[in-house]
1. One-quarter of the Cα convex hull surface for region 129-180, in nm²?
2. Tell me, what ³J(HN,Hα) does each residue in region 51-66 have, in order and in whole Hz, if you take phi through Karplus 6.51 cos²θ - 1.76 cosθ + 1.60 with θ = phi - 60° and put x for Gly and Pro?
3. Let me know the Rg and Dmax you get for region 48-142 when you use only its Cα atoms, in Å.
4. Could you tell me the distance between the Cα centroids of region 84-98 and region 166-239, to the nearest Å?
5. If you add up the charges near TYR49, with Lys and Arg at +1 and Asp and Glu at -1, over every other residue whose beta carbon is less than 9 angstrom from its beta carbon, what do you get?
6. With a 10 Å radius around each residue's Cβ, average the other Cβ atoms per peptide and rank 221-228, 114-121, highest first.
7. Show which aspartates and glutamates lie in cross-link reach of LYS131 when reach means a straight Cα distance below 20 angstrom and same-chain residues fewer than eight apart are skipped.
8. Counting other beta carbons within 10 Å of each residue's own, what order do ARG211, ARG229 fall into, fewest first?
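Any read-out appearing in this document is the output of simple, stated calculations on the displayed coordinates, not a laboratory observation. Source: prediction; values computed, not measured. No Cβ is skipped: glycine too gets one built from the backbone with ideal geometry, and neighbour counts run over all protein chains shown.
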Amino acid sequence: MLWRLPLRIFWWLFGGIIRTIVALLLLLGLGYFGMRLTPLDEFWRARFYARIGKIAEAEHWYLLGLNQHPKSKFAPQGHYELANLLYGQERYREAIGHLGKALEGGLTPEQKREALMKIAEAYLKSGEPLKAAKRFEEFAQIFREDERASRALFLAGESYRKAERKEEARNCWQKLSAHYPTSPFAPKALWALAQLAEGEGKENLAQQIYRKLVERYPQSSEAAKANTRLAVLHYKQGNYKAAVKAYSEALKAAPELLKEALQSEAVRKLWQKLKEQVGSAIQTSP
């Protein structure tokens with residue numbers, strides 16, 4: 001009878017393996033059947049096609065899932081992923097629609113912030129700066145502590161400027177300068193404010209802002225550009241020594257930044273006139 005024991009053990013192990021395989025197949029079948037009854041099947045297929053770069057197929061499966069299961073708890077995530085896909089294809093208006101639906105619920109807090117910023121950026125890129133400005137401003141108001149708030153304010157100002165709403169643009173840049181002085185967008189905001197003032201013919205105000213920019217952010221590229229503008233304004237006012245000083249500071253701060261500008265005919269003429277006016281006070285142009 002002992003010779004039968006190994007055989008029984010073998011059949012017991014073999015039978016266990018068979019039962020395990022059958023159970024796994026049943027579970028996989030049930031899982032697949034369950035997926036077929038939900039948007040998961042379409043969404044996972046869409047994600048797969050998006051990952052391998054087949055955008056048209058991914059879009060097809062996203063839309064199929066969203067059309068068949070518009071009220072599903074997976075729908076907001078599907079809208080969000082499809083919107084990102086469309087945004088990457090520069091189909092901004094379609095992306096805006098799906099991002100709006102995604103914001104109706106089901107997104108994580110970070111995804112909601114990303115969606116709001118994407119909507120604003122999509123409006124800006126699709127040629128609707130006023131709508132973009134309002135969205136950027138909304139983001140900055142809701143998420144004041146977010147590190148992207150300063151960027152949102154700067155872009156809100158840029159969008160208002162493109163929409164020819166100068167006062168709103170000025171307000172956004174002033175808020176940015178006041179509330180986020182350490183942001184990398186703070187010197188950009190001061191530069192934009194100075195340019196706005198100069199464009200309105202307020203040269204004295206522009207000079208004040210340029211000086212503030214140079215004092216606060218001396219190592220920034222905007223400070224170098226501000227010194228260049230100060231040199232031009234001082235020259236126009238006949239203050240040649242101040243013009244030389246400002247221009248020299250600009251060259252010291254960012255010679256590479258100004259290298260291209262120095263090749264322009266206008267700057268060459270200015271430099272030549274400064275040399276003629278001040279003489280030995282000016283060193284040779286680089």
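1. On the way: hull surface 11.1 nm².
In nm², the orientation-averaged hull projection of region 129-180 is 2.8.
2. My calculation for region 51-66 gives 5, 8, x, 8, 5, 4, 5, 4, 4, 4, 6, 4, 5, 4, x, 5 Hz in order.
3. Spelled out, the Cα radius of gyration and Dmax of region 48-142 are 13.4, 38 Å.
4. That distance is 35 Å.
5. Numbers: positive: ARG45, ARG47, ARG51, LYS54; negative: GLU57, GLU59.
Once positives and negatives cancel, what remains is +2.
6. On the way: 221-228: 23.5, 114-121: 21.8.
By packing density, highest mean first, the sequence is 221-228, 114-121.
7. Answer for LYS131, where 20 Å is the Cα cut-off: GLU90, GLU94, GLU104, GLU114, GLU121, GLU158, GLU164, GLU167, GLU168, listed by chain and number.
8. Details: ARG211 15, ARG229 21.
By the 10 Å Cβ count, ascending: ARG211, ARG229.
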